[in-house]
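Have a look at the structure below, then the notes.
The values are calculated or read from the model by the stated rules, or taken from the named source; none is laboratory data. Because the structure is predicted, anything quoted here is derived from the model rather than measured. Cβ placement follows ideal geometry from the backbone for every residue including glycine, while neighbour counts extend to all protein chains displayed. Ligands, DNA and RNA are excluded from the accessible area calculation, which covers all protein heavy atoms including side chains. Shrake-Rupley method; radii C 1.70, N 1.55, O 1.52, S 1.80 Å.
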Amino acid sequence: KTIGVNDTALLAYARHTAGGTRAVFVSLVRTIACIVAPLLFIALVGVVLVQYYLPTKMMAVPFCLFIVGYMIEFLLSPYERILEVSLRYRLLSIAYMPYLIILLCMLYYDSIKAMGLVPFIAVLQGLRVMSALMMAYCARRMREA
């Protein structure tokens, strides 16, 4: 729930009105950006302050990676909703496959010991953002066609 109503339901309803999907999508992206930008700024300022004032500086890095990764993924979430509303589950599955396969391989081979915590988190968040970017690409191509 971003703007008081489930975004998937809003987009599904807008699909049945002339030109409604584009207007609702733009409104949804604008609302999410207005929510995410200040939160991202506050989180990054908090990380910088923690990094500067606390002696255990290493803890700020994983937190920052999580914050930035989740915020980017949240910014791209309307594209995922467009694919859901359009019943393009195959495209959603394809977008999630690299994340799932690489994550399972990393867990199976116990890569976290070899890589370390921070690189593991960076790869994990990078995979999530890559999946979100793939969904955005698929949704944009779908709208153009």
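Laid out as a table, the results:
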quantity	calculated
Crossing angle, helix 89-108 versus the chain [Cα axis fit, 0-90 degrees, rounded to tens]	10 degrees
Spin-label proximity, residue 137 to the stretch 60-95 - amide N less than 19 Å from point 7 Å beyond Cα toward beta carbon	72-84, 88-95
Prolate/oblate/rounded label for the chain (Cα gyration tensor, a/c 1.5)	oblate
Relative contact order [Cα under 8 Å, 6+ residues apart], the chain, whole percent	27 percent
Angle between the chain longest axis and helix 117-144 axis [Cα atoms, degrees, rounded to 10]	10 degrees
Per-q log10 I(q)/I(0), the stretch 79-138, q = 0.29 Å⁻¹ (Debye; single scatterer per alpha-carbon; no solvent)	-1.11
Order of exposure, largest accessible area first, which applies to 31, 17 with probe 1.4 Å	17, 31
Inter-site label distance for residue 39 and residue 115 at 7 Å from Cα along Cβ, in nm	2.4 nm
The stretch 43-50 - phi-based ³J(HN,Hα) in whole Hz, Karplus 6.51/-1.76/1.60, Gly and Pro as x	5, 5, 5, x, 5, 5, 5, 5
Folded to 0 to 90 degrees: helix 60-75 orientation relative to the chain principal axis, Cα	10 degrees
Segment residue 104-residue 29, extension gain: residue separation times 0.36 nm, minus the distance between their alpha carbons	23.8 nm
